[in-house]
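Notes for the one structure printed next.
The values are calculated or read from the model by the stated rules, or taken from the named source; none is laboratory data. Predicted model, so just to flag it, every value in this text is computed and none were measured. Cβ placement follows ideal geometry from the backbone for every residue including glycine, while neighbour counts extend to all protein chains displayed. Just so you know, the surface numbers come from the protein's heavy atoms only, side chains and all, with ligands and any DNA or RNA stripped out. Shrake-Rupley method; radii C 1.70, N 1.55, O 1.52, S 1.80 Å.
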Amino acid sequence: PIVRIGLVIEHFLAFDWDYNNMGLHRFITVFLSSLLVRLIFFFGTSALQPINILEERRFKWNIVSRCATGGKGDDPDATAPTRRDALAVAATVLLPYTAPASAASIPDEQTYIQRFPTLFDPIIGRSRRRTIRTPLGSGVWALEQSLALGPLETPLRCVVVRLRDGSLWVHAPLAPTEEFFAMVEACGDREGRVTHVVVPSYALEHKVFAGDALQRWPKAQLWTSPGQFSFPIRRVSDKTVWGRNVDGVLGTSDRDSTSNQPPWTDEIQYETLAAGTFNIGGVPTTFYETAFFHVPSRSLIVTDAVCRIPVDPPPLNDVDRLLLVSKRSTADPAPLDTQEARTIGWEKTALLVSYFFPEHEEIDPTAPLGTVTWTPGWHDNFKSLSNRLLVPPVVRTLLYANDPGEVQNWVDRVSKRWDFVRIIPAHYEAPITAGPDDLRLAFRFLEDETMDAFPKKDLERGLKPIADLVLRKPRI
């Protein structure tokens, strides 16, 4: 019955529906349920479990298909599924995806504990992430890990700046592995002093590990962008969230004389964007992101405002995840590990992450239940999305459409004040060689939403109905 309900929800979202007449709680429930169903059905039951155990995957899928049909699946000798069968499958398919690796092959310095529940891997508990560090010159480093949701994986970046006194400024700390901490500390003086930890955004993936970072560097000051909030429980103390009190909340700008300014603004200046105000649990809540300008290197450091999706797979993306997503149909066998298959997997990953339900990912009515096939045209849609500076579709459609005038004000402030020569975003590729004119060009849609438009059919299943609901003006 659970599987049948899931399929009904999936078909419910796959076709046209009047989302505007749907209550917010009902829409969120349906949408998240459908997303989970896609992870399980659209990628096969291996989507949320190790994909190298092929016989186990086939066994579990057969049980699921038997549960869905009330029959014997593809095994004529099978018995009818029991409640224990169904519970066993439900328990395994809901576990976070784990790439194949023996315990002995995982270095201790790459393990950590996720202390707060999140939507991304591992949700909560023990996991591992590899970290790589890239020097960007002039006392700036980029540290990268991967952010995973089921089989989908994208880069996540922390920026470290060495201040004039040799101490370190850490922007959006990553998962608290010993490897990450050691790489950060190696950027500083002999003592590896971290004196400032910065939370630049409301977004969970960029702040969830700040408390762990402060445990490692207890003498560091904590600076956050404004508007930090918790949901669904409000009024949670700073000690609960960060493990200690916040030393300072960043204002609209380091030029703002009414704010308590950090001691590093002669080296790193900032401008804060109010991305939009939304009704979260009945409370008007403004989403903020603070951008920074490192004066010596002329680097613009942002979180989600802009990005550039690379043509080739990022170095940390797991090969098995890429191969899984690369399949033309979920009914196809796993492909051979080739560079072409990895690239296809990356292109489809980028489309799924960017649009949720992209145009050319279709339910196949001629194939077994739950089969999804990629139809021709997806590669062209990826080419229109990649290898250029842009505002990510999710951010542009769901956030910046709320108050485009305020976003334009922030773009003007940043592009007129700072003569930056590169941008370092928290996702995808970095550094990006770009200046103020390039930034203004990426935001030209604010003046005319038809300019630089994303493919209509890539938006209409996922982002557009959510935007129509979220941005709908209250009735008078």
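Key figures for this structure:
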| quantity | calculated |
| --- | --- |
| Breaking point among (1) in contact with an Asp or Glu (Cβ under 9 Å, 6 or more places away or on another chain); (2) under 25 Å from residue 377 (Cα atoms), for residue 453 | (1) |
| Filter result (buried (at least 16 other Cβ atoms within 10 Å of the Cβ) and part of a strand (DSSP E or B)) within the range 256-279 | 268, 269, 270, 271, 272, 273, 274, 275, 276 |
| Residue count, the range 367-381 (criterion: touching a residue at least 40 places away in the same chain (Cβ under 8 Å) and part of a helix (DSSP H, G or I)) | 1 |
| Selected residue [touching a Cys at 6+ places or on another chain (Cβ under 9 Å) and in contact (Cβ under 8 Å) with a residue 12 or more places away in the chain] from 389, 398 | 389 |
| Search result, residues across the range 392-439 that are basic (Lys, Arg) and more than 26 Å from residue 147 (Cβ to Cβ) | 413, 416, 417 |
| Failed condition for residue 384, given (1) outside any helix (DSSP H, G or I); (2) within 30 Å of residue 143 (Cα to Cα); (3) at pLDDT below 95 | (1) |
| Yes/no for residue 166 being touching a residue at least 24 places away in the same chain (Cβ under 8 Å), crowded, with 20+ Cβ neighbours inside 10 Å and not polar (S, T, N, Q) | no |
| Pairs where the first residue, in the range 315-337, is under 21 Å from residue 365 (Cα atoms) and the second is surrounded by 20 or more Cβ atoms within 10 Å (Cβ to Cβ) and among the polar types (S, T, N, Q), C-beta under 6 Å, 6+ apart | 325/349 |
| Condition check for residue 251: surrounded by 15 or more Cβ atoms within 10 Å (Cβ to Cβ) and not in a strand (DSSP E or B) | yes |
| In the range 303-348, residue nearest to residue 287 (Cα to Cα) [restricted to those that are open to solvent by less than 20 Å² (accessible area, probe 1.4 Å), among the aliphatic types (A, V, I, L, M) and part of a loop (DSSP other than H, G, I, E, B)] | 305 |
